[in-house]
Number of protein chains: 2
Amino acid sequence: MINEKLFNPSGVVVVGGSDDVNKPGGAVLRNLLQSPFKGQTYVVNPKADSVQGVKSCHTVEELPQVDCAIIAIAAKYCLHAVEVLAKEKGTRAFVILSAGFGEENKEGAALERRIVEVIDSVGGALIGPNCTGILTTNYNGSFTSPVPQLDPKGVDFISGSGATAIFIVDNGMRKGLKFNSVWSVGNSAQIGVEEALEYLDESFDSEHSSRIKLLYIESINNPEKFLRHAASLIRKGCRIAAVKSGSSEAGGRAASSHTGALASPDIAVDALFRKAGIVRCSGREELTTVAGIFMYPELKGRNIAIVTHAGGPAVMLTDALSNGKLEVPHIEGPKAAELLGKLFPGSSVGNPIDFLATGTAEQLGYILDACENDFEEIDGIAVIFGSPGLFPIYDVYALLAEKIRTSKKPIFPIFPSYGWVKGEIEEFVRNGGVYFPDEVLFGNALAKVYNTPRVEPEDAQFPCVDVERIRSVINGAGNGYLSPDRIHDLLDAAGIARAKEGTADSEAECLELAREIGFPLVMKVVGPVHKSDVGGVVLNVRDEETVVREFRRMMQIKDTYAVMLAQQLRGTEVFIGAKREGGFGHIVMCGLGGIFIEVLKDVNVGLAPVSPDEARAMIRGLKSYKIIQGVRGQEPVNEEKFVEAVVRVSMLVRTAPEIFEMDLNPLLGNRDEVVAVDARIRIEK
Amino acid sequence: MINEKLFNPSGVVVVGGSDDVNKPGGAVLRNLLQSPFKGQTYVVNPKADSVQGVKSCHTVEELPQVDCAIIAIAAKYCLHAVEVLAKEKGTRAFVILSAGFGEENKEGAALERRIVEVIDSVGGALIGPNCTGILTTNYNGSFTSPVPQLDPKGVDFISGSGATAIFIVDNGMRKGLKFNSVWSVGNSAQIGVEEALEYLDESFDSEHSSRIKLLYIESINNPEKFLRHAASLIRKGCRIAAVKSGSSEAGGRAASSHTGALASPDIAVDALFRKAGIVRCSGREELTTVAGIFMYPELKGRNIAIVTHAGGPAVMLTDALSNGKLEVPHIEGPKAAELLGKLFPGSSVGNPIDFLATGTAEQLGYILDACENDFEEIDGIAVIFGSPGLFPIYDVYALLAEKIRTSKKPIFPIFPSYGWVKGEIEEFVRNGGVYFPDEVLFGNALAKVYNTPRVEPEDAQFPCVDVERIRSVINGAGNGYLSPDRIHDLLDAAGIARAKEGTADSEAECLELAREIGFPLVMKVVGPVHKSDVGGVVLNVRDEETVVREFRRMMQIKDTYAVMLAQQLRGTEVFIGAKREGGFGHIVMCGLGGIFIEVLKDVNVGLAPVSPDEARAMIRGLKSYKIIQGVRGQEPVNEEKFVEAVVRVSMLVRTAPEIFEMDLNPLLGNRDEVVAVDARIRIEK
């Protein structure tokens, strides 16, 4: 378990420290010695008395008491070292860089487990094995380079891959990103991304803790834990962005239903991130751009002022922001005219605010003051300032740095002349600044951040379902598809409206049922999967004669063992599905029915339990949402009833996790109600 | 007009050259003197006898004969200088850096016109005014920095914005891009992007000319010329990528029809680029990434091998490529096993080919040889190689450079440790290499390049239309919506199938017409715009009694002055529209009808004349294409008939450019035919 010794040890030993800085053991010692670490450093190296100027012990046994051990020796020697350190030297933090454990073979996995047992037994923390180490503001326990600038308010970055971590750090440094900690969790034998989040959450201190977390993840082993702590951190004011790679490997599985075909573990990741309010990024460049945006005050509205000394990038940024549903509103009025008077002739303030290639730092100051104080509609400011290569622009970047510090609105600096104005940018970064090299990548990222849903409030209200009745149906059912009777029981218990209906396997029963339901009604075969394809659906049955004729015909259709009769409802076909997705619990999806799911895949997804707000956002985010609102004189679908049905389906599957997948397809929605007409539920216990 | 003196002058004078390199006149002289220019350099400066070591004339009159003049003096002095140079000094190439012309006010525009007249009168070429200059392999006539590495096979880059040009160059240099020429066309008084393309096209020499063109454009003044030369260059083997910014400013115009609402000048740009085969980019970073891809052999198929020493970036790249419809196919078999034997234990060759953090240059050589020679299914190779900071990797990058030179398949190098392995990357770039810093941006760009349609062949076949009849209808029509009779004439003349129909404004006429057309038929009001909204459409009319009853009812509806009767056809509703878009000619759009255009905006667009191949690609690219193919037992739409209808609509509007917009909405498509059921055509002469 993570403890304070991992972050702030009084002493660190590098077991396997050497003079060869081309090897991890040498490189990590060099990095440690060059880091601001103020405690005692020890080295264990059987072949040397002194390593990089540090006195070396030949064995771990010779060491004094030491809080933290960084281990860079062959895997087979690690267990012994850990045992001695944990049991005799009071060591409570371990960073094992060595490879050759669970990632390699079964023996390695067994060794890894034994090491964890030893460390667990003393309440110690283990990072790794098979990792590049950990970097904190107190010490550098990683062997990689480059080493980023440290800052207690900088990024906490947790990576499931060591090489990727350093590539992301390298990329982030170019933008001026500072780091509070970098964790390479390696094999996550004891501490994975989830545990790191848990620690950051539980140890969060609203005054001193950094509020920015970046994640690079290849798999989420415990989605529930992940969600709990990520959401909690965000509720405490943190901002989290993550790359979860491997998104395209999903799919390819045989699909037994619409939901099955549409769902994938990656969709579950999307849903989890939305629920927590995590900004999902697709790569390193985007991740560090979002992190840069996180370093600035939060953008509170859509209206951006673009301040520029060059037209082109401002136009491209306008395009990117507009595509991302942010606005670059026209600015006018007396205050705008006043500002224009302070700029060179030919400038414009209509937004983009273009103060020309000859614009000065002083003018930029006037513009930023006006954006901050006079143009109330403006929520954030993007400043594009590069150089055609004529003169130094230290004064401009210095002014920008000052305005960024004092402005309440976020001012995002875009420096397109990265290669040329190196000195100016380096100074800006050294003084704490973070900038963006490309206006379009910035604009896309800003829109992504702004459009990421807010984390769900902790007190979201959910309707009640009849848990006892649901459990009794589920407990009584075996694996496979539920019978219509049981489905009706479940829907009724969950409070999901359904069409009056019943099933008959004899003519007499069928007739009686028809009288009970009333006309018009619908008849469907029971048995075949794709009912319409085999002529197994008849609509608009208006009399008993037809009931009998169709019953006889349908019972001849292959695989048919009964006929279902149902009340014929009017309205627009909508769809709700749910599917169990490993540790994620259930994903719940909704959309319009028919071609909208089959051809256009126009569905949105949430993670159960889906709150009413989340369900509403899912519905409103559909491309076909206008149809739900009622387009060209068509009757709308009652949105709140649709929301409620989605929420109730999510409650049902939470109450009955044995439901492997379920489809309500279609439900018929009109102005007054949204009613399930056909349902399939598959149990897998 | 562009001439050879602009590129290869024997002498260049900088009019307004000074010692102050913080001003354009001083900076351009410095750049010129530092460039490989082998000819004579002159300076005109009234206040100095020598400038930056060059003897200075006090007036232009004192100059000897000189091919090319770079002018950096106040606008008001330019005309005189140009006159003397053009008429007395034999100058035939002018680069006017000075601002204060058409971009500022009317007087400036007049001055600009007079300068052009003078230069035109001697057959001279003019770049600018209000530009940053021109850079060629022979001399540097631009005042900006940084100056990129020159290479006759490098990029020809034409920019409508000077500052943007230098920002793009700066960005491109970071990836190792080399340039053959950089044109900042400024106000394009004589030479704009179109003229530059024309020159590059007409002077193209398959042996010596560079094949890579980049464009940054804010407006296309002559789309037809632009298309002609861009397409011609691409047919000659060139590759063109362009940013056309301002895409979001479109829209906001009152829409009088579906086509009007969906069309915008930006869509026309898209259509033009697709027709020419230009890769459209959204920003600087993407443009230079695509340019980097252009520096490598063309990717001939979808199958990419990913070679990596780190897992994470390979996974992210796989995601990006898969999202872009490229493949990372599984590699197996004896050759794969053989390769695996040459790598360290723990490596994998299944693709991604991961040869671990410890992988060597030698092993990379084996892998690349196998990809080149053994794995036939592989079309291109992406190599990801960074550094965790342990040891130098000069050998790896040197080997990569060699394999890139000798391999027939493109090998794309991705170097994620840009900040750390500076020395290695600089050497790679100095030796001619181009690399990519981010695997996801690279993957997205590669997919974009691969998925950009090929340029249309010059000999695309078009069906005939009855030009004489079309012209006669158009010549006889006034502005506004055409009457149904004229519409029928046009459709018949263009060979577009339409439903039998007619219009009646009396009961007797209506009955007669109904008998002629036959039952079932459709009745619609003539007059109201949105016919269904007012109850003005009745389907499935099966007898004369109904015809009479509905006629009476419909004539009561507001704005109705007649009733249209039409053959009732069966099939799927599809849509074809066309709209005149300034100099672009007509855009032609197609899609499914109803909600597909109204709600989902699922339309694709081409530029008239649309060839059958282009129409087919438009139809197949629809999100709803599966419906055209016939989904779940529904009858398909005859694709070739749909293609033909699109092509014929495009021929019609080419023949009748007076058509401002037209909708065929819907056409009904079934297995056998695609027939226009309702049409609106608006003329604006």
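Residues of the stretch B:69-95 being under 35 Å from the mean Cα position of the chain (by Cα), within 21 Å of B:ALA48 (Cα to Cα) and surrounded by 22 or more Cβ atoms within 10 Å (Cβ to Cβ), which ones? Listed by number, the residues that qualify are B:ALA69, B:ILE70, B:ILE71, B:ALA72.
Here's a check for you: in the stretch A:347-377, which residue that is outside any loop (DSSP other than H, G, I, E, B) and touching a residue at least 60 places away in the same chain (Cβ under 8 Å) is nearest to the other protein chains (Cβ to nearest Cβ)? Don't jump to the end; show me each part of the working.
If we filter the stretch A:347-377 for residues that are outside any loop (DSSP other than H, G, I, E, B), which is where we start, we get A:348, A:353-354, A:361-374.
Next cut, touching a residue at least 60 places away in the same chain (Cβ under 8 Å) only: A:367-368, A:371.
Working: A:ILE367: 17, A:LEU368: 20, A:CYS371: 21 Å.
Here the residue is A:ILE367.
Pick from A:ILE168, A:ILE191: which is hydrophobic (A, V, I, L, M, F, W, C), in contact (Cβ under 8 Å) with a residue 60 or more places away in the chain, touching a strand residue (DSSP E or B) at 6+ places or on another chain (Cβ under 7 Å) and under 30 Å from B:GLY423 (Cα atoms)?
A:ILE168 is the lone residue from the list that is hydrophobic (A, V, I, L, M, F, W, C), in contact (Cβ under 8 Å) with a residue 60 or more places away in the chain, touching a strand residue (DSSP E or B) at 6+ places or on another chain (Cβ under 7 Å) and under 30 Å from B:GLY423 (Cα atoms).
In the set A:ILE681, A:ILE659, only one residue is closer than 24 Å to A:LEU569 by Cα, in contact with a strand residue (DSSP E or B) (Cβ under 8 Å, 6 or more places away or on another chain) and surrounded by 23 or more Cβ atoms within 10 Å (Cβ to Cβ); that residue is A:ILE681.
Looking only at residues of the stretch B:315-356 that are within 14 Å of B:CYS371 (Cβ to Cβ) and aliphatic (A, V, I, L, M), we find that the one that is surrounded by the fewest Cβ atoms within 10 Å (Cβ to Cβ) is B:LEU340.
Report yes if some residue within the stretch B:153-169 is closer than 21 Å to B:GLU298 by Cα, within 14 Å of chain A (Cβ to nearest Cβ) and not basic (Lys, Arg); otherwise report no. Give the steps one after another, and end with the answer.
Residues of the stretch B:153-169 that are closer than 21 Å to B:GLU298 by Cα, as a first pass: B:153-157.
From what's left, within 14 Å of chain A (Cβ to nearest Cβ): B:157.
Narrowing the set further to residues that are not basic (Lys, Arg) leaves B:157.
The answer is yes, given that some residue of the stretch B:153-169 is closer than 21 Å to B:GLU298 by Cα, within 14 Å of chain A (Cβ to nearest Cβ) and not basic (Lys, Arg).
For (1) of a type in the set (S, T, N, Q); (2) surrounded by fewer than 20 Cβ atoms within 10 Å (Cβ to Cβ); (3) within 12 Å of another protein chain (Cβ to nearest Cβ), each residue gets a yes or a no:
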| site | (1), (2), (3) |
| --- | --- |
| B:LYS579 | no, no, no |
| B:GLY583 | no, yes, no |
| B:GLY591 | no, no, no |
| B:GLU598 | no, yes, yes |
| B:ARG616 | no, yes, no |
| B:GLN634 | yes, yes, yes |
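Considering B:ILE306, B:ILE331, the condition of being at pLDDT 95 or above and of a type in the set (Val, Ile, Thr) is satisfied by B:ILE306 alone. Among the conditions (1) acidic (Asp, Glu); (2) under 23 Å from B:LEU29 (Cα atoms); (3) under 33 Å from the mean Cα position of the chain (by Cα), the only one that B:GLU117 does not satisfy is (2).
Would a scan of the stretch B:25-34 turn up a residue that is at pLDDT 95 or above, of a type in the set (Val, Ile, Thr) and part of a loop (DSSP other than H, G, I, E, B)?
No.
Residues that are over 26 Å from A:PHE355 (Cα atoms) and hydrophobic (A, V, I, L, M, F, W, C) within the stretch A:287-310 comprise A:LEU287, A:VAL290, A:ALA291, A:PHE294, A:MET295, listed in sequence order. For the stretch A:343-352, the criterion of a residue being modelled with pLDDT under 95, touching a His at 6+ places or on another chain (Cβ under 9 Å) and of a type outside the set (D, E, K, R) is satisfied by at least one position.
Scan the stretch B:610-650 for residues that are in contact (Cβ under 8 Å) with a residue 24 or more places away in the chain, under 19 Å from B:GLY594 (Cα atoms) and among the hydroxyl-bearing types (Ser, Thr, Tyr) and the total you get is 1.
Quick check on this structure: which one of A:GLU402, A:GLU377 is acidic (Asp, Glu), surrounded by fewer than 21 Cβ atoms within 10 Å (Cβ to Cβ) and touching a strand residue (DSSP E or B) at 6+ places or on another chain (Cβ under 6 Å)? Give the steps one after another, and end with the answer.
Working: A:GLU402 fails: touching a strand residue (DSSP E or B) at 6+ places or on another chain (Cβ under 6 Å).
Only one candidate passes the filter, namely A:GLU377.
Kindly establish whether A:ALA231 is crowded, with 17+ Cβ neighbours inside 10 Å, within 14 Å of another protein chain (Cβ to nearest Cβ), closer than 21 Å to A:ALA268 by Cα and aliphatic (A, V, I, L, M). When the stated conditions are applied, A:ALA231 does not pass them. Within the stretch B:37-60, is even one residue closer than 18 Å to B:CYS131 by Cα, surrounded by fewer than 24 Cβ atoms within 10 Å (Cβ to Cβ) and not small (Gly, Ala, Ser)? No, the stretch B:37-60 has no match at all. Being buried (at least 24 other Cβ atoms within 10 Å of the Cβ), touching a helix residue (DSSP H, G or I) at 6+ places or on another chain (Cβ under 6 Å) and within 26 Å of B:GLY283 (Cβ to Cβ): is that true of A:GLY386 here? Taking the combined requirement at face value, the residue satisfies it.
Could you list, in sequence order, the residues of the stretch A:530-547 that are touching a residue at least 24 places away in the same chain (Cβ under 8 Å) and either surrounded by fewer than 15 Cβ atoms within 10 Å (Cβ to Cβ) or within 19 Å of A:ALA508 (Cβ to Cβ) (or both)? Steps first, please.
First, pick out the residues of the stretch A:530-547 that are touching a residue at least 24 places away in the same chain (Cβ under 8 Å): A:534, A:536, A:539-541, A:543-544, A:547.
A:LEU539, A:ASN540, A:VAL541, A:ASP543, A:GLU544, A:VAL547, listed by residue number.
Cβ-Cβ contacts under 9 Å between residues 6 or more apart (or on different chains), taken from a first residue in the stretch A:504-519 that is polar (S, T, N, Q) to a second residue that is in a helix (DSSP H, G or I), are listed as A:SER506/A:PHE551.
Restricting attention to the stretch B:286-305, the residues being surrounded by fewer than 24 Cβ atoms within 10 Å (Cβ to Cβ) and within 13 Å of chain A (Cβ to nearest Cβ) number 1. Counting the residues of the stretch A:559-575 that are of a type in the set (Asp, Glu) and assigned to a strand (DSSP E or B) gives 1.
Take A:ASN187 and tell me if it is touching a Leu at 6+ places or on another chain (Cβ under 9 Å) and not in a strand (DSSP E or B).
Working: touching a Leu at 6+ places or on another chain (Cβ under 9 Å): no; not in a strand (DSSP E or B): yes.
No.
Within the stretch A:420-435, does at least one residue satisfy the condition of being within 34 Å of the chain's Cα centre (by Cα) and farther than 23 Å from B:GLY419 by Cβ? Looking through the stretch A:420-435, none of the residues is within 34 Å of the chain's Cα centre (by Cα) and farther than 23 Å from B:GLY419 by Cβ. Counting only residues that are at pLDDT 95 or above, within 12 Å of another protein chain (Cβ to nearest Cβ) and out of contact with any Asp or Glu (no Cβ under 9 Å at 6 or more places or on another chain), the stretch B:247-285 holds 1 of them.
Within the stretch A:310-346, being touching a Ser or Thr at 6+ places or on another chain (Cβ under 8 Å) and either more than 9 Å from chain B (Cβ to nearest Cβ) or under 27 Å from B:GLY108 (Cα atoms) (or both) holds for A:ALA310, A:GLY311, A:GLY312, A:PRO313, A:ALA314, A:VAL315, A:LEU340, A:PHE344.
Taken over the stretch B:75-105, the residue count meeting the criterion of being within 14 Å of another protein chain (Cβ to nearest Cβ) and either at negative phi or aromatic (Phe, Trp, Tyr) (or both) is 9.
For the stretch A:378-412, enumerate the residues that are under 33 Å from the mean Cα position of the chain (by Cα) and either of a type in the set (A, V, I, L, M, F, W, C) or within 14 Å of another protein chain (Cβ to nearest Cβ) (or both). Result: A:ILE378, A:ILE381, A:ALA382, A:VAL383, A:ILE384, A:PHE385, A:LEU400, A:ALA401, A:ILE404, A:ILE411, A:PHE412. A:VAL574 falls short on exactly one of the conditions (1) of a type outside the set (Ser, Thr, Tyr); (2) crowded, with 16+ Cβ neighbours inside 10 Å; (3) touching a strand residue (DSSP E or B) at 6+ places or on another chain (Cβ under 6 Å); (4) over 21 Å from A:ILE628 (Cβ atoms), and that condition is (4).
The values are calculated or read from the model by the stated rules, or taken from the named source; none is laboratory data. As the structure is a computational prediction, the values presented were derived from the model and not from experiment. Note that each Cβ is placed from the backbone with ideal geometry, even for glycine, and that neighbours are counted across all protein chains shown.
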